[in-house]
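Report on the following structure.
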Amino acid sequence: MLNRHAIFGTALTLGVLASASSASAQLTTARDMYEEFMQNMNESYLWQRTGDELVFGTTKFFIEFNETDQDIGVQCVLGGEPYMRLRAYDPSGRLILQLRPQHTLNLQGLSDFFFESVEPTLDELSMNQFLSRFPEGEYEFLAVTIDRELQEGETEFTHNIPAGPVIVYPQEGDVVDADDLVIQWEPVTLTTAFNPPQVPVNIVAYQVIVTQDEPKRVFDVTVSPDVTEVRVPAEFLDEGTEYELEILAVEESDNQTISLLFFETEEGDE
């Protein structure tokens, strides 16, 4: 049985030594050290004492590159049983993410999970620096469910970043007919020129997003890789309004690249 008094005595001794080491250092009380020790001990127990292993229904970790704005980051999507602890490891086994809800949120548990990193421009973080930061290989995600079972998922992370779709119509700044807008683009067959050499790439989908800023409205559709045009419903578009158009090419490893522009719709008849 764990002797908490002995632990507290050890923590007290460590606290005295720590405080004596530097008069200017911030003091750590014995109680703080004891609480931290007990919390870490309970964490180890929680991860080791699990039952059957479950598998995340969705495990995605991928690159999103905006070829127009030249910014880049990573995104993660997880879906599975409710959990109260989450960890992620890179291909070298290094811990890169730890999520530990507290109090009532810990009791309630978490379910689906999504995050995206900061997206610096290539002027701030070069492509080579970014790819070195996130090496290729298998990334592993582990969670402890609210039923004390271990849940895991793995995904293969690659540097196969597709080129941004070349938008044929509309062009930047075009004024279009709100009643007859068919967005068109060229198929993507190679990786981006920003990460040479360019090699063939397997596109699995295109996503087309048209956004109106005020009031906020979004038209969002995903199509198969053999489709290179989408008609925007006339009911969605207002006359005399500016819109943002984004077309994403999604590669088989889930890496995706965005091309974007702005266009306007014609003013209506007075």
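Quick note: the coordinates plus some simple rules give every number you see, no bench work behind them. Worth saying up front: this structure is predicted, and the values here are computed from it rather than measured. Heads up, the Cβs are rebuilt from the backbone with ideal geometry, glycines too, and the neighbour counts pull from every protein chain shown.
How big is region 161-215 along each principal axis, measuring the range of its Cα positions in Å and listing the largest first?
In descending order, the Cα extents are 40, 22, 21 Å.
Let me check the size of region 71-128 from its C-alpha atoms; what are the radius of gyration and Dmax in Å?
14.7, 44
What ranking of Ile258, Ile247, Ile96, Ile209 emerges when the number of other C-beta atoms within 10 Å of each C-beta is taken as an exposure proxy, fewest first?
Values: Ile258 19, Ile247 24, Ile96 12, Ile209 16.
Ordered from fewest to most neighbouring Cβ atoms within 10 Å, Ile258, Ile247, Ile96, Ile209 come out as Ile96, Ile209, Ile258, Ile247.
Which distance in nm do the two modelled labels at Phe115 and Asp220 give, with both placed 7 Å along the Cα-to-Cβ direction?
So the two model labels end up 2.0 nm from each other.
Please compute the contact order of region 53-157 in relative form: average sequence separation of alpha-carbon pairs under 8 Å and at least six residues apart, divided by the residue count, as a percent.
Numbers: 212 pairs, mean separation 36.9, N = 105.
Relative contact order for region 53-157 comes out at 35 percent.
To make sure I understand, if each residue's beta carbon is the centre and we count other beta carbons within 10 Å, what order do His103, His159 fall in, fewest to most? Provide the component values of the computation, followed by the final result.
Working: His103 7, His159 15.
Result, fewest neighbours first: His103, His159.
May I ask you to give the average projected area over all directions of the convex hull of the Cα atoms of region 53-157, in nm² rounded to one decimal?
Numbers: hull surface 28.7 nm².
Its Cα hull, projected and averaged over all orientations, spans 7.2 nm².
Please compute the net charge surrounding Pro82, taking Lys and Arg as +1 and Asp and Glu as -1 over other residues with Cβ under 13 Å from its Cβ. Walk me through the numbers on the way to the answer.
Values: positive: Arg85, Arg148; negative: Glu81, Asp112, Asp147, Glu149.
Every neighbour counted, the sum reads -2.
State, as an integer percentage, the relative contact order of region 185-235 based on alpha-carbon contacts under 8 Å between residues 6 or more apart.
Details: 54 pairs, mean separation 16.1, N = 51.
RCO, region 185-235: 32 percent.
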